[in-house]
Amino acid sequence: MSEPKTRPTAQSLDDFIAQQPEARREECAALDALMRKATGEDAVMWGNIVGYGRYAYKRSDGKRYEWPITGFSPRKQALTVYVMPGFDQQEDLMSKLGKHTTGKSCLYIKRLADIDMKVLAKIVAAGVRAMAPQRIRKTE
């Protein structure tokens, strides 16, 4: 298997947010605050993904890779929120979230105004807790 193309970059979050359409900038700032609180970590750009924390996983080729524990990406069609363990254990919260769709670990939201941010915070926090055994801690 090939190496993952999505990796941490040196791009700053502020520069990334400044490049977004005006309507998305406030949403990015709100998601940044929510995810910093959930993870206790600063944002790291992984290409067009704003990632928080890291976890290690092994792919079928046996190599160890890293990926953000949670994050978001302000895509044109929808904000994509990454909750790595997925949503199977969060059916009750998902039913209270508001307008959204999901993929395996992706939550798609057209606008933050369409959802309950307190419920989103609980969903993200639960995902972060579920990833704790695989989390890579910062070394200082």
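The values are calculated or read from the model by the stated rules, or taken from the named source; none is laboratory data. In this text, all values refer to a predicted model and were calculated from it rather than measured experimentally. In this analysis, Cβ positions are derived from the backbone assuming ideal geometry, glycine residues included, and neighbour counts consider all displayed protein chains. Remember, those area values only see protein heavy atoms, side chains included, never the ligands or the DNA or RNA. Shrake-Rupley method; radii C 1.70, N 1.55, O 1.52, S 1.80 Å.
Summary of computed values
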| read-out | value |
| --- | --- |
| Formal net charge of residues neighbouring Lys96 (Cβ-Cβ distance under 15 Å; K, R +1; D, E -1) | -1 |
| GNM result for the chain, Cα springs below 10 Å: residue of Pro85, Pro21, Pro74 fluctuating most strongly | Pro21 |
| 222 nm mean residue ellipticity, helices alone, for the chain (DSSP H n ≥ 4; -39,500 (n - 2.57); rounded to 500) | -10000 deg cm²/dmol |
| Percent RCO, i.e. relative contact order, over the chain, from Cα pairs under 8 Å lying at least 6 residues apart | 21 percent |
| In the chain, lysine pairs closer than 22 Å at Cα, eight or more apart or cross-chain | 25 |
| Ranked order, Lys99, Lys63 - accessible area, probe 1.4 Å, largest first | Lys99, Lys63 |
| Option label - volume of the Cα convex hull per residue in Å³ computed here, alternatives (1) 97; (2) 121; (3) 139 | (2) |
| Average accessible area per residue (Å²) across the chain - probe 1.4 Å, nucleic acids and ligands excluded | 59 Å² |
| Portion, in percent, of the accessible area of the chain that falls on carbon or sulfur, probe 1.4 Å | 49 percent |
| Sequence-distant residues sharing a close amide H with Thr70 (under 5 Å, placed H) | Tyr52 |
| Computed magnitude of the charge dipole of the stretch 75-140 (debye, nearest 20; Cβ of K, R +1, Cβ of D, E -1) | 280 debye |
